[in-house]
Structure formats: structure tokens, C-alpha cells
Amino acid sequence: WVENPKIRNKLRSWLTKAVIPASSEQGKFFCIGTILHEDSLLNNLLTNTSFNYWKRFRYQAIQEFSESPLWDEWQSLMENDEDKDCEKHAYEFYQLNKAEMLEGTESLWPDKSEDYFYDMMVQKISDPDAFSSEYQNEPISPETQVFSAEMLDLATYDGEPPSPVREIYIGVDPSL
């Protein structure tokens, strides 16, 4: 459904032209879901300025990731094709370094399991796109997207571009 632009537009139109006008002055709307596309109705409800009068919340399984370089070592252990017990060895490494690896982390539901953050990191490296959409409510994984908002911000100029730039060329591939 979300991959079809006609259906996305039809759903948005149905909400704004039929559902919202049909409610009473005291009408309340409660929408919950997973953002599966940047132009989905749910993402528009969360980000479009025409819905600023709504109370909006975006929940993510992980609010703050660890900055510890030990996670890179852990990932190398997890992805070691030559080690048939790679998952076991990675978990042992995590247990030995848990305090440092969890420093600065914030997660939505730490009481769900003893190793909630660890479990989320396993999900993240197993399928970055699924992790981004299903757990982080980000329709596109930062690890797999070609362009980021930060890259576009760096290439945006108000007025004249900085010297010594004389000409600017741009190419756009709509599929990206």
C-alpha cells in the first residue's frame, strides 16, 4: 500500500476531506503505526506543518546509541564467517565489556529483557532497513540510504556559493 503513490494520495485525501471534516468539534483522533515510507500518511501526520495542531509523538526503540568503538569489534565478531560460534563469542565479548558498551545509551523499553539494547543491536546489523522502519520509525535506514539530509544541507547555499566555485552542476536520479 505505501509503495503506491496513488494509494498514498487517496488515503491522505480520505483523511483530510472525509474523516476529519466528519468529526465533531470535540472529535479526537488517535493514530498509531510504523512508518514504512517517507510519504506515508503516518509520516505526513508526524512531519507535515499542516498537522502542527496535532499532538505528535514518534517513538524509537533506541533513542541514544552508544559511541563506544567496542560495538565495531562486537560487530566484527558477529559477522565472522570463519567462526561457527561467532554469536556466542560476540555475546561473551559484550558481557565482558557491557558497562562501557552501554554507556550513554537510552532505549524505549529497557525492562523488556535483560539484554534489550544488545537484542536491538543484533536486529540492527541483521537487517538495517527492517530495524530502521520497525524499531526506529525511520522509513529509510541511514546505513543504506544514498543521500542524507546532512549531505543536502552542506550543499545548500543562500545567495552566492563560496569561492572559488564558478559553476555548479547537479544530477538527480529519481530512483534514489
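Give me the pairs, please: first residue somewhere in the range 55-69 and open to solvent by less than 100 Å² (accessible area, probe 1.4 Å), second residue anywhere and assigned to a strand (DSSP E or B) and among the charged types (D, E, K, R), beta-carbon distance under 8 Å, and either six or more positions apart or on two chains. Close Cβ pairs satisfying both conditions: Ile62/Glu106; Gln63/Glu106; Glu64/Glu106.
For every residue, the table says whether it meets (1) open to solvent by 40 Å² or more (accessible area, probe 1.4 Å); (2) within 26 Å of Gly33 (Cβ to Cβ); (3) at pLDDT 90 or above.
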| position | (1), (2), (3) |
| --- | --- |
| Gln123 | yes, yes, yes |
| Phe131 | no, yes, yes |
| Leu154 | yes, no, no |
| Pro162 | yes, no, no |
| Tyr169 | yes, no, no |
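Remark: pairs (first residue in the range 18-33, over 15 Å from Trp54 (Cα atoms) and part of a loop (DSSP other than H, G, I, E, B); second residue modelled with pLDDT under 90 and small (Gly, Ala, Ser); Cβ separation under 9 Å; 6+ apart in sequence or on different chains) = Gly33/Ser40.
Selection over the range 70-81 of residues that are open to solvent by less than 70 Å² (accessible area, probe 1.4 Å) and not in a loop (DSSP other than H, G, I, E, B) gives a count of 6. Kindly establish whether Asp129 is assigned to a helix (DSSP H, G or I) and within 19 Å of the chain's Cα centre (by Cα). Yes: the conditions hold for Asp129.
Filtering the range 24-38 to residues that are open to solvent by less than 60 Å² (accessible area, probe 1.4 Å) and within 18 Å of Gln136 (Cβ to Cβ) leaves Gly33, Thr34, Ile35, His37.
The values are calculated or read from the model by the stated rules, or taken from the named source; none is laboratory data. The structure displayed is predicted, hence computed values, not measured ones. Counting neighbours? That spans all protein chains shown, and the Cβs are built from the backbone with ideal geometry, glycine included. Each accessible area value is taken on the protein alone, full model and side chains, heavy atoms only, with ligands, DNA and RNA left out. Shrake-Rupley method; radii C 1.70, N 1.55, O 1.52, S 1.80 Å.
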